[in-house]
Structures are given as C-alpha cells and as structure tokens.
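The values are calculated or read from the model by the stated rules, or taken from the named source; none is laboratory data. Small disclaimer: the values here were computed from a predicted structure and weren't measured. Every residue, glycine among them, receives a Cβ derived from its backbone with ideal geometry; neighbour counts consider all protein chains shown. These accessible areas exclude ligands, DNA and RNA; they are computed on the full protein's heavy atoms, side chains included. Shrake-Rupley method; radii C 1.70, N 1.55, O 1.52, S 1.80 Å.
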Amino acid sequence: MDWFDRVIVGSGPAGVGAARRMQSRGTCLIDAGDMPKDEFPFPSLREALNTGDAKAVLGQNWEMLANLSEAGRLHLKLRATALRFVMQGEPFNVCDAYDQVLLHGAGSHAVGGMSNVWGAQLLRYTDDDLADAGDWPFRASILDEYYSDLEGHIGISGQIDDMHGFLGGLSPTMPPAPIGPAAKCLYARYLSNRSNRISQRLLLGRPRLALATAPGNGRPAHSFGETEFFTSGQQGLYTARLTLEELKAGGNITYLERHQLLSWRESSEYVELDLREIDSGQRRIVRTRHLLLGCGTVQTARLVLQHYNECGRMLPFIDHPPALLPIFMPSMLGSELPERSYPIQLVGTLPSSGRRDMISFYYPGGMLWSDLVPDVPLPMNATIRIMRALLGGMLVAQIWQTSRPSLGNSLRLDGAGSVMISYSERSSCTAIPELLRALRSLGAYSVARLASLSPPGWGFHYAGCLPMRHAPRAYETHVDGRLWDSKRVRVIDGCVMPSLPAKNHSLTLMANSARIADEVMRCGY
Amino acid sequence: MDHNTRADLKSEAEHLYFCLFRDSVPPGLVAHYLNVHEFLAELRDLPSEQLGTIRIIVSKELDASAVEPWLRCKGRRHALSSKLLLVVYLVECGGGYNEVLRKGRLGRGRMVFAMSCGLVGLLRGFYLKVRHGLV
C-alpha cells in the first residue's frame, strides 16, 4: 500500500496550482493522464491548407465535420482529432427546463485538463469583481501573492492600458499579442476619441494572455500559426501540462498517471483512496494525510455525491455561457488579412453600466472559414466570394456577464449515478444595446438580432457546486477547502467558487488552489 | 453504398460544386464527397422529403446555392445546407480554391457587387423554391 503526505487528484489548472505549493516527494498527483492520440502535423493553418490534403485538415475520419448536420453539436474547439482527448471522462448532459439536452459533455481525463483548449486569458479577480458577484467569503486581495507567483511562473503578455484597473494585476512581462486590421483600427479610434468621453461608456485594451510573445521562462515564443482549433500543443502557449512536466522533471512531486479515483474513506488519521489503473483495470489503495480534489467542477461534484451516496440531491451549478455578436467596420472591409494571428484581439468593459461585464473581441479569420459560412445570410457562393473582404473588417464580441447561483440551475446524480445538469434559468445579455451604442461612435456596427446566446454548458467555466462559506452547511466547503464535515478532504477546483464574476476564472482557480494548498501545509496535522 | 447511390452522389457533388464555383468539379473532391457519406451516418439518414428536394435540384439543374438560404433551419440543418457546406469544406481544406477563398484582393466595390449578386440570388432562390415546391 502506498502512503503519501498529500494526494492531489487532477492535473488541470487547480491540481498543478496546488502541486507547485506542495512540492516534495511526499506529494502525489494522480490523474487519468489522457494524452492526444494524434498531433496536428503543421505549424500553421495556412501551411495545412496549402498542402491540398483535405483529410490532413479535416481528419482521417472527417472529425472536423462533426457539426455538418447540426450546428453546435460539438464545440468548435473540441472537434479536431488532436483535441478529442480533452473530454473523454465521465459523460454528463446539460438540459433545459423541458429536459431537452443542450449539451452532451464529458469530464476531462486529459493531462492538463481543460487548459488544453482554453483561450489563455489569465485574469485576476479584484475586490470589486467579488463584491459584485457576491457571496465570496474573502476579498480578492487575499489571493494577490498567489496571483503574482503564478503570473511570474506562467509569463503574461499584455500592456498597461485603460483596462489595467479592470483586469488587475502585475505589469505584463511580455508585449501584447499582435492584432489584425479591424482591431487595430478600432483601438486606434478608441485612443483618439478618449477625450470625447468614449471611455466613460467603453474601456478598451489589449488582452492579458498566457502566451509568450517573446522567449522567456524557458519557453519559446508563440508562432501565431492559427492552430488553436486543431491542437493543444502549441509552443509558447501555457497550459497546466507545462507545469506538470516541470514538476515531474524536477523530481518535485510523485506523479501517478493513468489512475482514476473511485472512492475514499476518511479516518481520524488518514484518508484511504480506492484507485483504478485505467489501462489494466487493476485496483490500488493509497493512503494519505490529505486529499485534494481538483478533477474539475463536474467530476469533483460527482465524486462527492457518490461518496455520500446522494442520488437526486441537487447541488448549485454555475456556468458562463457567453453571448456572441459579430461586429463590422465598413472602413476596414477588404483590408489585407494578417498571415498569422491569435483569436483574442482586444478586451473591454462598459464602465457606465454599473456591471462588470467582460467583452473579448475575437478575430475570426484564423479558423476554417467554412465554419463561418452558414452564419452569413446570403447564398453560400456569394458568402465564399466576400468572406476574405468581410474578415478584414470583422470582429466577434464575446460578452461575459456575472453568473450567480440560481434555483433552476443544478447538478445531481440520476439513479444510475450519471451526472445530470439542469440549466433552466439564464439571464439575457443586457450589455448588447450599450455596447452597440459605444461601438457606433468608433465606426463599428452591428445589430442585436445578429447576437447569439451560447447554450448553457458551452461556457465551460463551471463552478459553484460546493461553495466556500465561513460556516458551511452540508455540501459546502470551509474557506480552507475542507468539505463541511471533513478534516482531511479538500476541494480545490471551481466547485468551491460561490459565484462567477464575468472574467474567466482560470487564474483564480489556480490561485485559490494554491492558497488551499498553503492551508494544508500550515495545518499541522 | 450501391452503384446507383454512388452515381447519385457523384451527380450531386458535380452539381453542387458547379452551383458554388461555376466550374467542373475536381475528381479528388468527388472521391472525398463519397467517402464522407460513407463515414457520416447522419448524411445517410436524411429526411426523405429533403432528399427529394435535392434530387429535383440536381435533375433540373437548379441553382442550389440560391435556394439553400430559404431552406435553412436552426438546430439540425437541411440536407441541402449540409451537402453544400460539405463541398465548401472540401474545397477550402483541399486547397483547390485558395486563390478565391484566401488570396487576392477584393476591393470594396467588388465586394458590394458580390453582395448585390448574392441578394439577387436570394430573390431567384425564393422563386425557385416556390416554383418547384421545394421543402
């Protein structure tokens, strides 16, 4: 029987965030360890398209055509052969109020978890964010030292600009990622119009990305080859897998790969884990003083409910389904398109709204243009001919709003022990009219009718099932991450977040798990 | 797929490609078109009335690209939308039309002209849909 001082389950952002703070051979990180079965063999999308080999781009089994008959069947970032490994864990469904399935999902068994497909925006929560979202048991400033440590470890590109106060954080260590013609024009007009009070309605700035725009931290610069929808292994793009590889290489943790946690038993002296080796099916017992669950919100919630044998019990469930709005700048239509790009171009917020909405402006030209063709209300032959000109003057605004727990949105286990997520209540995107007004003054236009709301479950910013409280009740967690009735079992992933500010929670996941890891190291038992 | 079905699909590919690009279909694309239909079950399990629409469009050499917008639906796509989109994907990823899709300059004037042609196409498509009872 193996014995460790501390066991972390999950190698996603939360797991590696904790592992970095508990580096020793007595710390064991366990994960299912799925790796990509295929690699995208091209350094850029353009090179791939230039080969003329349709199967090399679309997959040997035409995997990239997953949405051919049904738009939105599979998230665009999960279609490619080299990315299918990311969500191969236990399945779950997200259903609406009428029990119609909105999303067939699965937990991540991947090394690095969902960070394999994240957009790499790593943002701090501020005290204002947490106060606005509500129910957090501490101020964001408690996480400052952890944010700084992680930002130094990861390397953040960006710049100090009008969004600095909203985004929070250190001065970025690398220059911002390059932007395309529409974003350049929009930003230039914003800068020249600030004296006309535009900044009272809209703040714009460059994004903060875990993307190396220059070599550093022992990592090469990103190539901006537009392969985000085809592979996770882009050099210069940080994912949790990089930290895990560094910890393994340094011998700073014990890594138990290809194992799945089935259950645990807690005594006064230790926690005993029942593991299954995935490839052989063999069972393995491990004992530890402390168990940290970082499997991702859905999988951690499933494990906890199974542990307490609670079928049917509903836990709160929060997601961040964004609204998408195409924006057009007529003066930029027909512009020369960049040879290389990264999707996220600009970020913004609406300061006069009283809310803390987060808007990311994306350049859609660095993906398969065929993905965009059905969304243009013209015959396809016309759309194909104008697409290149259209993309020169086009951005897509992805609008994130604060998400709070709601009675109609819950996670439970059904009779067979499968995860069922009901998501019947979602607020409409109230930011669109204000955003349209602000953009019009900068020569960018759209109409609200073109906006689409992503279905619940598509934000993949899951949180809230076991929220942190100062005095937790059943199915809540202490501020130090412990389950309400446990001494030695803690939750370190998005489950513990009581609400979701509009910004993505990736960096806060890591910082909070690091904070909880420090609590473990300090607890004295 | 039996020979008859393969011949139907070959005719489909040829006609849909012509509607999109006003040119003869590259042979490699036909092979891929057939191969996708072998792999994707959803393309073999299409509503019969939609398949009937496609047969009419192919046999009467109607402008599929013009008709298709009037058959678009949310959620599960119309068979014609799926098959036209398939040709678009195969062309883009097969590198066969890089010159049109990704290179070259399209000034604003030509873009407006292309959009205008698209709007005219929409009107023609509506007429064809009604005239031939396409569903």
Rounded to one decimal in nm, the spacing of the 7 Å Cα→Cβ label points at A:SER418 and B:PHE126 is 4.5 nm
So the carbon and sulfur contribution to the accessible area of the stretch A:190-334, 1.4 Å probe, in percent, is 47 percent
With the full set of protein chains present, the residues of the stretch A:362-410 whose 1.4 Å probe accessible area falls by 30 Å² or more relative to the chain alone are A:TRP369, A:SER370, A:PRO374, A:LEU378, A:PRO379, A:MET380, A:ASN381, A:ILE384, A:ARG385, A:ILE386, A:ARG388, A:ALA389
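What number do you get for the stretch A:473-524 when its Cα radius of gyration is normalised by 2.2 N^0.38 Å, N = residues?
Values: Rg = 11.3 Å, N = 52, 2.2 N^0.38 = 9.9 Å.
The value comes to 1.15.
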With only helices counted (DSSP H, runs n ≥ 4, each -39500 (n - 2.57)), the per-residue ellipticity at 222 nm for chain A, to the nearest 500, works out to -6500 deg cm²/dmol
Sorted on mean Cβ neighbours within 10 Å (highest first), peptides A:336-348, A:51-63, A:109-121, A:214-226 come out as A:109-121, A:336-348, A:51-63, A:214-226
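How big is the Rg/Rh ratio for the stretch A:399-505, C-alpha atoms only, Rh by Kirkwood, two decimals?
My calculation of the ratio gives 1.10.
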Over 24 Å (Cα to Cα) among B:LYS74/B:LYS129; A:LYS55/B:LYS129; A:LYS184/B:LYS74; A:LYS37/B:LYS83; A:LYS37/A:LYS77 -> A:LYS55/B:LYS129; A:LYS184/B:LYS74; A:LYS37/B:LYS83
With all protein chains in place and a 1.4 Å probe, A:LYS184 shows an accessible area in Å² (nearest 10) of 120 Å²
Note: A vs B interface, total accessible area buried (1.4 Å probe; ligands, DNA, RNA excluded), nearest 100 Å², is 4300 Å²
Computed over the protein assembly as shown, protein heavy atoms only, probe 1.4 angstrom, the accessible area per residue in square angstrom equals 38 Å²
Projected area averaged over all directions for the convex hull of the alpha carbon atoms of the stretch A:176-279, nm², comes out at 12.9 nm²
Sorted largest first, the C-alpha extents of chain A along its principal axes in whole angstrom are 69, 51, 51
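Where does the stretch A:272-405 land on the Kirkwood hydrodynamic radius, alpha-carbon pairs, in angstrom? Please list the in-between numbers first.
On the way: mean 1/r = 0.0506 Å⁻¹.
Evaluated over the stretch A:272-405, this radius sits at 19.7 Å.
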The distance between the Cα centres of the stretch A:305-357 and the stretch A:279-297, in whole Å, is 33 Å
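When 1/r is averaged over all different Cα pairs and the result inverted, which Kirkwood radius in Å belongs to the stretch A:324-368?
About 12.6 Å, per the Kirkwood formula over Cα pairs.
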Once the in-chain neighbours fewer than 8 apart are removed, the aspartates and glutamates whose Cα is under 14 Å from A:LYS248 read A:ASP31, A:GLU257
Mean other chain Cβ within 10 Å across A:60-66 is 4
In whole percent, the fraction of accessible protein surface over the stretch A:361-457 that belongs to carbon or sulfur atoms, probe radius 1.4 Å, stands at 55 percent
In whole percents, the bins of 5 Å from zero upward hold the Cα-Cα pairs of chain B as 2, 9, 19, 22, 21, 15, 8, 3, 1, 0
Membrane-span-like helices (DSSP H runs, Cα span along own axis at least 18 Å, mean Kyte-Doolittle at least 0.0) in chain B -> B:27-39, B:79-93, B:108-132
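Kindly rank A:199-209, B:119-129 from highest to lowest mean number of other beta carbons found within 10 Å of each residue. Spell out each step's value before the answer.
Numbers: A:199-209: 22.5, B:119-129: 16.1.
The packing order, highest mean first, is A:199-209, B:119-129.
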Once amide hydrogens are built 1.01 Å from N within the peptide plane, the residues lying 5 or more places from A:PHE4 or on another chain with amide H under 5 Å from its amide H are A:ARG287, A:THR288, A:ARG289
For A:GLU269, placing the label point 7 angstrom along Cα-to-beta-carbon and taking the stretch A:481-502, residues whose amide nitrogen sits under 18 Å are A:487-489
Taking max minus min of the Cα coordinates of the stretch A:1-64 on each principal axis, largest first, gives extents in Å of 54, 24, 16
